[in-house]
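Working notes, structure below.
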Amino acid sequence: MTISPLDWGIILAFFVISMLIGVFTSRSAGKSSKDFFLSGRNMPWWLLGVSMVATTFSADTPNLVTDIVRKNGVSGNWVWWAFLLTGMLTVFVYAKLWRRSEITTDLEFYEIRYGGKAAAFLRGFRAIYLGVFFNVVIMATVSLAAIKIGGVMLGLEPIETLLITGVVTVIYSSLGGLKGVLLTDFFQFFIAMAGSIGAAYYILDLPEIGSLNQLFSHPNVSDKLNLLPDFNDMNLIIPLLIMPIAIQWWATWYPGAEPGGGGYIAQRMLSAKDEKNAVGATLLFNIAHYALRPWPWIIIALSSLIIFPQIQDMQAAFPHMPADKLGNDLAYSAMLTYLPNGLIGLVLASLIAAVMSTLSTHLNWGSSYVVNDFYLRFVKPEASEKELVATGRISTVVLMVLAALLALALSNALEAFNILLQIGAGTGLIFILRWFWWRINAYTEISAMIISFLVALFFEVFNPRYEWISIPDNMAYLKLLFGVGITTITWLAVTLLTPPEKESILLAFYKKVHPAAYGWKKLLHKYPKEKVEQGQLPLEIGLMLTGSIAIYTTLFAIGFWVYGQIIAAGLATLVSIIGFVILFKNWKKIRFL
């Protein structure tokens with residue numbers, strides 16, 4: 001593959017525009033820490049929604065989808081498609097509550113919902129645990145994808161790739177703060193979508209592929225097309241569909257798909273103009289992320305099974321790639337080397353956009369934890385706004401350096417995905433219930449965090465070493481099941497055995513956020529003068545289910561149209577339209593404060 005001057009010009013223009021956005025927004029971002037991390041709380045739904053989509057359109061996501069499709073077929077994507085249920089729950093139940101809290105980061109939640117030293121410890125510890133440890137792992141997987149793209153498409157060494165992407169991203173992220181990230185995300189999203197669609201279209205025209213019909217009829221591909229796993233094969237149906245739909249979506253914590261919202265999704269909701277914009281942003285994100293984006297990636301992944309049926313074929317084609325970076329996820333980048341001049345520049349710019357969009361969001365998000373929830377809260381409470389912004393910019397650089405170092409040690413995106421799921425197993429239900437059940441306290445979260453980590457450590461470190469506790473690869477889902485069960489039983493026991501939070505703290509939280517009163521009645525009956533908010537939880541759950549059906553059927557409809565299954569496509573399209581009509585008709589019934 002040769003990179004023409006036109007391609008280099010497109011890539012250079014992309015870098016220049018991204019840098020200019022950072023410079024343009026640097027003055028407003030530097031006014032205060034809230035401007036740097038929340039952009040003044042006046043952002044519109046469409047900008048926030050597109051930013052959420054752009055962030056999750058990281059370069060490791062098409063690599064992850066390619067890895068999944070090559071191993072388990074299209075139906076293997078249910079391991080992440082199931083998180084739509086989490087997303088829609090956030091849209092209709094939690095987006096309003098987050099915006100009402102008026103906090104700066106989701107970790108600040110701990111000291112308005114809980115009290116005392118336990119709440120302070122929880123906030124400070126998770127600022128480092130999530131803002132540094134987890135965040136660095138996530139950025140490292142994105143950087144790993146960048147390494148593979150740079151190595152396959154440009155022949156760059158891993159360190160060269162990390163230097164280029166890291167330096168540019170750090171500059172505009174540290175200068176422009178969240179506003180710079182949002183505006184750059186908006187620009188980068190459309191570049192990324194154009195690149196993935198253009199790449200899929202061109203790859204289908206390759207002589208080895210020919211057309212959609214020839215692709216789908218090829219023996220390497222024909223058994224990979226089902227949207228649902230084979231119901232007669234329990235070794236497939238349990239890990240690929242039953243576990244994600246029945247347990248994973250509500251029981252596990254995963255960045256970007258946190259039950260009840262959290263992380264950079266919460267950051268976007270907290271920066272919205274109002275509750276209505278927070279809800280609109282998260283709805284736009286879920287529609288685009290789950291229904292509109294996956295198919296170009298899937299088509300390229302399926303095509304790779306014809307061009308590079310085995311990993312050894314990629315090794316032969318790209319002998320300069322380090323052995324520890326070879327895997328099924330490399331196939332996405334490998335397929336892009338077939339693109340022509342001009343398009344390759346656009347696609348490379350789109351992949352760079354995907355990398356930088358995700359890195360910039362995680363840098364700003366992680367930095368907000370370090371500054372607001374650790375430095376300001378525990379190190380220097382009297383710090384000036386200027387000092388906080390400076391600390392945010394310094395921590396941005398440090399996080400990027402740590403992520404780059406870890407990326408050099410990683411080899412596989414799916415491996416990191418599974419490890420993060422395991423670490424968060426069993427904690428998700430807390431994040432759902434803590435808004436609605438007064439009895440949950442700080443020790444609930446502390447115990448869940450500790451136990452889930454220890455269980456994950458046990459399975460990932462000790463399980464492979466001792467035969468008597470070994471879980472076979474075809475039953476690896478049992479790790480997640482055990483993690484959820486052990487962690488959930490532990491935190492429920494801790495909750496019931498430890499004292500509840502002080503009633504003054506609980507009442508202050510209830511009056512500020514106004515959650516539905518179902519799980520608060522035992523507390524509220526002691527205070528008959530307090531206004532009880534019954535809320536709209538039944539309506540919100542109904543909208544969540546309706547929205548999930550509408551988006552899933554849109555996903556299926558697009559797939560059936562691509563497959564040429566006209567009757568199935570028509571029926572799925574009809575159900576999708578009906579679902580969205582019901583959804584938007586009932587939107588007006590939602591009460592916003």
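The values are calculated or read from the model by the stated rules, or taken from the named source; none is laboratory data. Computed from a predicted model, the values in this text were never measured in an experiment. Glycine gets a Cβ as well: all are built from the backbone with ideal geometry, and neighbour counts include every protein chain shown.
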>> Can you list residue pairs whose Cβ atoms sit under 8 Å apart, with the first residue in the stretch 305-328 being of a type in the set (D, E) and the second being modelled with pLDDT under 85? Count only pairs 6 or more apart in sequence or on different chains.
In response: D324/S411
> Among the residues of the stretch 535-593, which ones are hydroxyl-bearing (S, T, Y) and either in contact with a His (Cβ under 8 Å, 6 or more places away or on another chain) or under 30 Å from L215 (Cβ atoms) (or both)?
Replying inline: S548, Y552, T553, T554, Y563, T573, S576
> Out of the stretch 72-92, which residues are of a type in the set (A, V, I, L, M) and more than 14 Å from N286 (Cα to Cα)?
Replying inline: V74, V79
> In the stretch 516-560, what residues are in contact with a Phe, Trp or Tyr (Cβ under 8 Å, 6 or more places away or on another chain), in a helix (DSSP H, G or I), surrounded by fewer than 19 Cβ atoms within 10 Å (Cβ to Cβ) and of a type in the set (G, A, S)?
Replying inline: G519
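Table: residues versus (1) closer than 30 Å to P381 by Cα; (2) among the β-branched types (V, I, T).
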residue	(1), (2)
T105	yes, yes
Y110	yes, no
Y114	yes, no
F133	yes, no
A140	no, no
A145	no, no
G180	yes, no
L215	no, no
N220	no, no
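Is there a residue being among the charged types (D, E, K, R) and in a helix (DSSP H, G or I) anywhere in the stretch 287-307? If you could, list the steps in order and put the result at the bottom.
Filtering the stretch 287-307 down to residues among the charged types (D, E, K, R) leaves 293.
With the extra rule that they be in a helix (DSSP H, G or I), the set shrinks to none.
No - not one qualifying residue is present in the stretch 287-307.
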>> Suppose we filter I582, I578 for residues that are touching a Ser or Thr at 6+ places or on another chain (Cβ under 8 Å), under 28 Å from E275 (Cα atoms) and either in contact (Cβ under 8 Å) with a residue 12 or more places away in the chain or surrounded by 14 or more Cβ atoms within 10 Å (Cβ to Cβ) (or both); which single one remains?
In response: I582
>> Quick check on this structure: which one of L156, L130, L144, L162 is of a type outside the set (F, W, Y) and in a loop (DSSP other than H, G, I, E, B)?
In response: L156
